[in-house]
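The values are calculated or read from the model by the stated rules, or taken from the named source; none is laboratory data. Computed from a predicted model, the values in this text were never measured in an experiment. Every residue, glycine as well, gets a Cβ built from its backbone with ideal geometry; the counts of neighbours run over all protein chains shown. These area figures cover heavy atoms from the full protein model, side chains too; ligands, DNA and RNA do not enter into them. Shrake-Rupley method; radii C 1.70, N 1.55, O 1.52, S 1.80 Å.
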Amino acid sequence: MKNIRTQVLKKVIFFLLMMCTFDSVGQYFPSTNDTLNYSSVLFQFPWVEGAQQYEVLIQNETKKTGDIVQIIEANKTVINSLEFGCDYSWKVRGLTSLGEKLTWSSVQKFSVGWSDLIDIEKNRYLGKKMSRDLATRGLLFFDYGRVGVNRAGVPSWYFPEMDSLTSETIIRDLKMTDLGTFTALVGNSAIEFDRDGNKIWEAPNDGQVNGEVQENYHHEFTKLPSGNYLVLGLDHVMRKVPNGLDSVLVEFGTVIEYSPKGEVVWSWNSNDYFIDADLFSRTRANGFDVRTHMNAASTDGEHVFVGFRDISRIVVIDKKKRKVVESYGGYGVFQEPHAATGFFRRQHAAVQLEDGNMAVFNNDSIMDPKVVSSVVIFSRIKDGAEESMKLFDFAMDFDTLTEGKSAKTGNLLELENGNLLVNMGDLNRAIELTRDGEVVWSMFMEKYDTLRNTWRAFPQYRVSHANTLYPYEFTAKVESNTYSRRKRSIVIRVFNIGDKPDMYSISLEKKNKSMDVGEITILPGFYEDFRVQLKGKSELTAVVKSINSSRNEEVIVYGFH
């Protein structure tokens, strides 16, 4: 008799679950009529009550290839195997703990778009790993190419369409933030946007710092860990020629830090730093050569590191004092502690590494046949050190595939494993370099010349790196909600969908009052349960927040009445 009742109860439960539909207020992504500019896609859908797992079915409607099926526990998942230029349909259904399959959701139809930017017959990125153990994985973003590719050169993302953006618009310093957004200098603007091309933030460009019509943004635009933005600008000033009556127009560089509200919270102008001995020490056919050419800036929070190509100098600015406290390389009359003379020339990048040393891409003198470009690492003059030591000098003629001379552009950055990602500028090549001087990965960037019917070099101003398109993604649900003996017991399950460890704060809201109940750290691809015990029956709202991405995921918890 008991078995019969159990079977009847199971049938009743199954019938009730089958009557459940996907949350009508929930969001599907991708949804019908969406066109995406990336092939690695985060699918998401509403939770279904009673479902312990979900079956996601994706079909390629263009090529009619095999279905993509995933069984997952969360209401989000990343699929990496989609193809550009194809139409897709997808749906999802819940699976109960008893093994029953619930009804399918409505079918969503979307497209993964197409662009000449990812056409391998027009632009190609020829990547090759020389060491699988030492080389990193991840995506590379090319600013002039307007594309993101994996280490093998296969496109994963292309620059989306934007207002006033044309094929002639210059894109510089394209990179992905830790939040999964992008920053770039787009023509005269400095903007942050999401992977779909929706604008999130734009620098004011109102001349508040330089007093001109606009700030003349150039070369560098970075979103800082604080949420502020660092960007370079220009200031044009007339300087009187020493011992003469003439004046010349000098282009000085500015460094501006904006708050998310667009307020200037910090700035520095090289007009206040360079003296006549710096500017009027060189001559050219038509007069003095007063160019300094600021082309790089980075910060550790307390200092700003700024590079000037045309005088081969890097300066370290104390942010609080707004004063240069160290300088390296170059020539002139130095009013601050100075070192590393002759270590580099006409460099790009000004990067402080994790170990506190400085690194530059040293373009050097291309006129001298004995000199090639290089990566140079040197120590800083701090903590009582009076001299800077050259710690690493890796020449770009390490093989016979290039001559090793890069006249302009280029950059480098430090990867998570300590290796250096080096964009060789005019040499249209990028490499991953260990600190022992081993090239463990290499890529050539080329564009097809339709007039000459041949492939030609496609140099990039900057190349940046990210692990995936989804560094911080998460979701959360109420796993259980029970009330017994005047006590409520709630279990909130948080899933880390992204590719980085993340910390989540959890709070409960009740009648416009909020109570923090704790924090939890979760590794990528895992979930953790957060247990809360409270008194009372009223409706509650649990708010789960990613500490790193500053996004909220609200979970409604209903009380018993």
**Prompt:** What does the convex hull of the Cα atoms come to per residue for region 37-191, in Å³?
**Reply:** 170
**Message:** Could you work out [θ]222 nm for the chain from helices alone, using -39500 (n - 2.57) per DSSP H run of at least four and dividing by all its residues? Round to the nearest 500 deg cm²/dmol.
**Reply:** -1000 deg cm²/dmol
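So, in region 467-545, how many Lys pairs have Cα atoms under 13 Å apart, if the pair is 8 or more places apart or on different chains? All intermediate terms of the calculation are to be shown ahead of the outcome.
On the way: K477/K545; K487/K535; K487/K537; K510/K535; K510/K537; K511/K537.
Number of lysine pairs found: 6.
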**Request:** Would you give the gap between the C-alpha center of region 374-448 and the C-alpha center of region 64-80, rounded to a whole Å?
**Result:** 39
**Message:** For K199, give me every one of the lysines with a C-alpha distance below 18 angstrom, ignoring sequence neighbours fewer than eight places off in its own chain.
**Reply:** K175, K223, K261
**Request:** Please list M396, M389 in order of solvent-accessible area, largest first, computed with a 1.4 Å probe with all protein chains present.
**Result:** M389, M396
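May I ask for the net charge around E414, where only other residues with Cβ less than 13 Å from the Cβ of E414 are counted and Lys, Arg are +1 while Asp, Glu are -1? Could you put the intermediate results ahead of the total?
Details: positive: R435; negative: D300, E354, D355, E416, E432.
For residues surrounding E414, the net value is -4.
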**Request:** Quick one: net charge around E212, please, counting Lys, Arg +1 and Asp, Glu -1 for every other residue with C-beta under 12 Å from its C-beta.
**Result:** -4
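Need one number: the % of Cα-Cα pairs in region 37-121 sitting beyond the 22 Å mark. Mind dumping the intermediate values first?
Values: 1117 of 3570 pairs.
Counting every Cα pair in region 37-121, those more than 22 Å apart make up 31 percent.
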**Prompt:** What is the Cα centroid distance between region 268-347 and region 492-520, reported in whole angstrom?
**Reply:** 46
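If you rank F495, F526 by how much accessible surface each has, with a 1.4 Å probe, what is the order from largest down?
Working: F495 15, F526 125 Å².
These residues rank, largest area first, as F526, F495.
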**Item:** Rounded if a/c under 1.5, otherwise prolate or oblate - the chain, Cα gyration tensor axes
**Value:** prolate
**Asked** How much accessible surface area, in Å² rounded to 10, belongs to the heavy atoms of V209 with a 1.4 Å probe?
**Response** 40
**Prompt:** Taking θ as phi - 60°, what are the ³J(HN,Hα) couplings along region 427-444 by the Karplus curve (6.51, -1.76, 1.60), each to the nearest whole Hz, with x for Gly and Pro?
**Reply:** 6, 6, 9, 10, 9, 10, 10, 7, 6, 8, x, 9, 7, 9, 6, 8, 8, 9
**Prompt:** What does the accessible area of S106 come to, in Å² to the nearest 10, when a probe of 1.4 Å is used?
**Reply:** 70
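Please compute the Kirkwood hydrodynamic radius over region 23-62, one decimal place, Å, based on all pairs of different Cα atoms. Intermediate values should be presented prior to the final figure.
Working: mean 1/r = 0.0819 Å⁻¹.
Value: 12.2 Å, from the Cα pair sum.
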**Asked** Mind checking which aspartates and glutamates have their C-alpha under 13 Å from K109, skipping anything on the same chain fewer than 8 residues away?
**Response** D34, E61, D87
**Complete:** So the angle from the long Cα axis of helix 2-19 to the longest Cα principal axis of the chain, reported in degrees to the nearest 10, equals 50
**Prompt:** Which value, in Å² rounded to 10, gives the accessible area of T181 with a 1.4 Å probe and all protein chains present?
**Reply:** 20
**Complete:** Counting Lys and Arg as +1 and Asp and Glu as -1 over every other residue whose Cβ sits under 15 Å from the Cβ of R132, the net charge comes to +1
**Message:** Just to confirm my numbers, what's the Cα centroid distance between region 170-223 and region 83-151 in Å?
**Reply:** 26
